[in-house]
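The values are calculated or read from the model by the stated rules, or taken from the named source; none is laboratory data. Note that the structure is a prediction, hence the values are computed from the model and not measured. FYI the Cβ positions are ideal-geometry reconstructions off the backbone, even for glycines, and counts take in every protein chain you see.
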Amino acid sequence: MTRPNDLLLEMQRRMLRIRRFDERASKMVKRGEIPGTVHTSIGQEAQVVGSCMALADGDYMTGNHRSHGHPIGKGAALGPLMAELVGKANGVCGGKGGSMHLADFKVGSLGESGIVGSSIPIATGAALSAKVLRNGRVSLAFFGDGAANQGCLYEAMNMSSVWGLPIVFLCENNQYALSTPAHTVTAGVIATRAAGFNMPGIRVEDGQDVLKVYDAVKTATDRARAGLGPSLVEVVTYRFNEHSEGLRIATDYRNPAEKEAWLKRDPVKMFRTYLEEQGVADAAMLDAMEAEVMAEVDASVQFAEDSPYPELSVAFKDLYTVPFGVTQ
Amino acid sequence: MTVMSFLGAIGAAQREAMEADPRVIIMGEDVEANVYGTMGGKSRADKGDFLQMFGSDRIRNTPISEEVMVGAAAGAAMTGLRPIVDLSYSSFLYMAMDQFVNQVAKNRYMFGGQASLPVVFRSAMFYGLNTGAHHSDRPYPMFMNVPGLKIMVPATPTDAKGLLRTAIDMDDPVLSFEACLLWGLKEDVDEGEFRIPFGVARTVRAGTDVTIVAISTGVHVALQAAAKLEAEGISVEIIDPRTMVPLDSEAILNAVARTGRLVIVDPAHTTCGAAAEISAIVAEKAFDCLKAPIMRVTTPDTQIPFSPAIEKQLYPDAAKTIDAVRKVMAGRSRGAA
């Protein structure tokens, strides 16, 4: 697989954008600056970015409650995302979506979902339109190990396979559905379920390595674009933070030794080391990238602060194309 | 004009839309075999069928997987297609409730207007045909409780053709509830393209003493009742809302202002049904016009039994409607002791 240097550097930049954005969002939740909660992608950046970078700009993507990383990984501007988290009028969804329901159609992000598994059929439909309209696009559905036990996934895998749809089913296996260990509620290996639907199933054991994720997903998107149909890619990864920010669970459901081992495999730090070792960039260049990303995150917070809150009338907007009744 | 059945009119609207716009596709169980109204002509042999006319890319038999069928149609609509989904029986919509409520209805709103959802979900209400509880539902009221969906309930071939064409051309998601008891109903229908707007009720029959708002098969029940009541000297006006969302409440309120009496014939269940909503609107906005309490003729809150001996009695019929009209006619005038 060819991976030019600018692609490698863009991977690191996008992983950093997710890391710093989510670190800031986490702080803002704790300070009460973001209402409700957020689910961070900290620790899962390689899995997110490796997948997103294997997509072309015009390709489609849907996601889930662990939501910020997906549009950021696909190249969305940070300001409107941060403004959305705060509930402001200049948010990417005008303040009506919030953290769990981000969407940025400009970059092919068709929407995150607060209902586990619920966006998988939407991604399947985007693949259907790509096939019927013959526009060469590919669709990717992000879902977790929890959603791997939702029926709609298997309806979608079956229909995609019989129709030869250009879609990648991307399982982000962070090994816990909130506090429930995946292996206690999941029979067998998720990736092997692909065989039952006559499609390739690939398991990326080291989901902290962005290149391993990228190569696996790129194989799947190339296959989809060539008209060879869907694939299932399962990426094993780990979330570094709690399920959601501010959540306190009395029992320590994650083994401390396990957690410590995974924390050592920080995808952002690992890839920085790789880039330096391979001579793709030196420390000064990577420090400059860090500073640029920090400035971008700072600017996104400023953008959110400068944005007004939506008027109450906005609560009645966008329900229908032409307003009627209370939406008038 | 040509004589069309209700089902033929549905087929004609779909054929017109398929011919007019290559982004329109039909997907559902058994659509290749033209089972539920996808056929425009009298037979495959005489008019050619949709599969022959439009090809397998646009006429898609789906697996029996309602959840992905509904969600994929929404996703396809969000990315440039204009799908018509044939869900066959209305009771099957429940299999896809998450997709209807959390995706179809919410995506345009929740994403701040970024998503457009030009998609139509057709389903047939098989009540009155001894198909038992799993096939006899009239579920449009529960979807009236979900903001973001539009709902059509045509009662005639003309309305079925004109409303369905509007629905397919519209950028909002529409649920079409088609009563099977009406499938064979025939009338003269314009074979050319025409569209009937949503949210505009039809005055089925003019009258001065009492207004009946009637839904779906309720329109035909009301017509039978009105003919009999006329012989008794009671003049009945019948209003068919045709779409439940948007609802032409203005036409209903104006009618009640004229007659002062309201009976609603709605084949759905009583509690939180369409009749309940219409009653509430009239009670809130036209209470002063009412000369008698509002009467509902609905299906009582029980499930539908299979046995032909005990099914049909549950639905609104002419006798129950006549009874309700007599009651409102006997109702005390305002101010009377």
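Couple of notes before you dig in:
- When the criteria are applied in full, A:G91 meets the requirement of being facing chain B (nearest Cβ under 9 Å), closer than 17 Å to A:I34 by Cα and touching a Ser or Thr at 6+ places or on another chain (Cβ under 8 Å).
- In the set B:L247, B:L229, only one residue is out of contact with any Ser or Thr (no Cβ under 7 Å at 6 or more places or on another chain) and part of a loop (DSSP other than H, G, I, E, B); that residue is B:L247.
- Count - residues of segment B:103-118 that are more than 7 Å from chain A (Cβ to nearest Cβ) and surrounded by fewer than 20 Cβ atoms within 10 Å (Cβ to Cβ): 1
- Evaluation of A:G325 against the conditions (1) at pLDDT below 95; (2) exposed (fewer than 14 other Cβ atoms within 10 Å of the Cβ) shows that the sole unmet condition is (2).
- Across segment A:102-127, the qualifying residues are those that are in a helix (DSSP H, G or I) and touching a Phe, Trp or Tyr at 6+ places or on another chain (Cβ under 7 Å), and the one among them that is surrounded by the most Cβ atoms within 10 Å (Cβ to Cβ) is A:A126.
- Some residue of segment B:27-48 being at pLDDT 95 or above, surrounded by 23 or more Cβ atoms within 10 Å (Cβ to Cβ) and of a type in the set (A, V, I, L, M): yes
- Residue match in segment B:302-316 (condition: within 30 Å of B:R165 (Cβ to Cβ) and modelled with pLDDT of 95 or more): yes
- Criterion (hydrophobic (A, V, I, L, M, F, W, C) and assigned to a loop (DSSP other than H, G, I, E, B)) met by exactly one of A:A295, A:A250: A:A250
- When A:E84 is tested against the conditions (1) in a loop (DSSP other than H, G, I, E, B); (2) in contact with a Cys (Cβ under 9 Å, 6 or more places away or on another chain), the lone failure is (1).
- Test set (1) out of contact with any Gly (no Cβ under 7 Å at 6 or more places or on another chain); (2) more than 21 Å from A:R239 (Cα to Cα) - A:T124 fails condition number: (1)
- Some residue of segment A:69-78 being touching a strand residue (DSSP E or B) at 6+ places or on another chain (Cβ under 9 Å), within 23 Å of B:V101 (Cα to Cα) and of a type in the set (G, A, S): no
- If you filter segment A:102-124 down to residues that are touching a Ser or Thr at 6+ places or on another chain (Cβ under 7 Å) and at the interface with chain B (Cβ under 7 Å from one of its Cβ atoms), you find that the one that is farthest from A:I34 (Cα to Cα) is A:T124.
- Residue check, A:R193 surrounded by 18 or more Cβ atoms within 10 Å (Cβ to Cβ) and charged (D, E, K, R): yes
- Breaking point among (1) over 22 Å from A:G114 (Cβ atoms); (2) assigned to a helix (DSSP H, G or I); (3) among the hydrophobic types (A, V, I, L, M, F, W, C); (4) more than 9 Å from chain B (Cβ to nearest Cβ), for A:M159: (4)
Residue-by-condition table, conditions (1) part of a strand (DSSP E or B); (2) modelled with pLDDT under 95; (3) buried (at least 19 other Cβ atoms within 10 Å of the Cβ); (4) touching an Asp or Glu at 6+ places or on another chain (Cβ under 6 Å):
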residue: B:E187; (1), (2), (3), (4): yes, no, no, no
residue: B:P197; (1), (2), (3), (4): no, no, no, no
residue: B:A225; (1), (2), (3), (4): no, no, yes, no
residue: B:R258; (1), (2), (3), (4): no, no, no, no
residue: B:A268; (1), (2), (3), (4): yes, no, yes, no
residue: B:I278; (1), (2), (3), (4): no, no, yes, no
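- In segment B:100-141, residue farthest from B:D169 (Cα to Cα) [restricted to those that are touching a strand residue (DSSP E or B) at 6+ places or on another chain (Cβ under 9 Å) and assigned to a helix (DSSP H, G or I)]: B:P141
- The lone exception for A:A89 - which of (1) under 30 Å from A:T2 (Cβ atoms); (2) surrounded by fewer than 24 Cβ atoms within 10 Å (Cβ to Cβ) it fails: (1)
- Sole exception among (1) buried (at least 24 other Cβ atoms within 10 Å of the Cβ); (2) touching an Asp or Glu at 6+ places or on another chain (Cβ under 9 Å); (3) within 14 Å of chain A (Cβ to nearest Cβ) for B:F100, by number: (2)
- Taken residue by residue, segment A:17-33 has no member that is within 21 Å of A:S231 (Cα to Cα) and either within 14 Å of chain B (Cβ to nearest Cβ) or of a type outside the set (D, E) (or both).
- Considering segment A:127-143, and only residues there that are of a type in the set (G, A, S) and at the interface with chain B (Cβ under 9 Å from one of its Cβ atoms), the residue that is nearest to the chain's Cα centre (by Cα) turns out to be A:S139.
- Count of segment A:169-184 residues, restricted to those that are in a helix (DSSP H, G or I) and touching a Gly at 6+ places or on another chain (Cβ under 8 Å), is 1.
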